[in-house]
Amino acid sequence: QVQLVESGGGLVQAGGSLRLSCTASGTMFSMNAMGWYRQAPEKQRELVALITSGGNTNYADSVKGRFTISRDNAKNTVYLQMNSLKSEDTAVYYCYAYRNWLDYWGQGTQVTVSS
């Protein structure tokens, strides 16, 4: 049925860039909100960025000015452009989607930033 498929994770040097993508498949209806969470070892899962179908965005303070979230409503796809990456950005990044009181989660993709 509904499945969130992520791509774009990997290993990058500090100061580099990565672009994450996530597509919600198995539905003809757009999600009300989509975004990204991340979880580092011994840390709680935290919101990185969120975007609504209307284009409203929300970012964690730690990524403001470096990360940009966008979406293609027709394709039910959300993107996270990550620039000026730092070692503290290393984490498993999880795609998130919400529609009509239901939450959906991706399997997670590893992002590792080396100094």
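The values are calculated or read from the model by the stated rules, or taken from the named source; none is laboratory data. Keep in mind it's a predicted model, so treat the numbers as computed, not measured. Methodologically, a virtual Cβ is constructed for each residue, glycine included, from the backbone with ideal geometry; neighbour enumeration extends over all protein chains shown. Note: accessible area is taken over every heavy atom of the protein model, side chains too, but ligands, DNA and RNA are not part of it. Shrake-Rupley method; radii C 1.70, N 1.55, O 1.52, S 1.80 Å.
From the set of residues in segment 15-32 that are in a strand (DSSP E or B) and under 22 Å from Asp89 (Cβ atoms), which is most open to solvent (accessible area, probe 1.4 Å)? Filtering first and then ranking leaves Arg19. With respect to the stated conditions, Gly10 is on the phi > 0 side of the Ramachandran plot, of a type outside the set (A, V, I, L, M, F, W, C) and touching a residue at least 24 places away in the same chain (Cβ under 8 Å).
Within segment 1-14, if we keep just the residues that are outside any strand (DSSP E or B) and open to solvent by 40 Å² or more (accessible area, probe 1.4 Å), the residue that is modelled with the lowest pLDDT turns out to be Gln1. Against the condition modelled with pLDDT of 95 or more and of a type in the set (Ser, Thr, Tyr), how does Thr90 come out, does it pass? Answer is yes for this residue. When residues in segment 33-43 are screened for being within 14 Å of Gln3 (Cβ to Cβ) and surrounded by fewer than 18 Cβ atoms within 10 Å (Cβ to Cβ), 0 of them pass. Which residues, taken from segment 46-61, are under 16 Å from Leu20 (Cβ atoms) and not acidic (Asp, Glu)? Within segment 46-61, Leu47, Val48, Ala49, Leu50, Ile51, Thr57, Tyr59, Ala60 qualify.
Scanning segment 51-80 for residues that are in contact (Cβ under 8 Å) with a residue 60 or more places away in the chain and closer than 20 Å to Ala40 by Cβ returns a single hit, Leu80.
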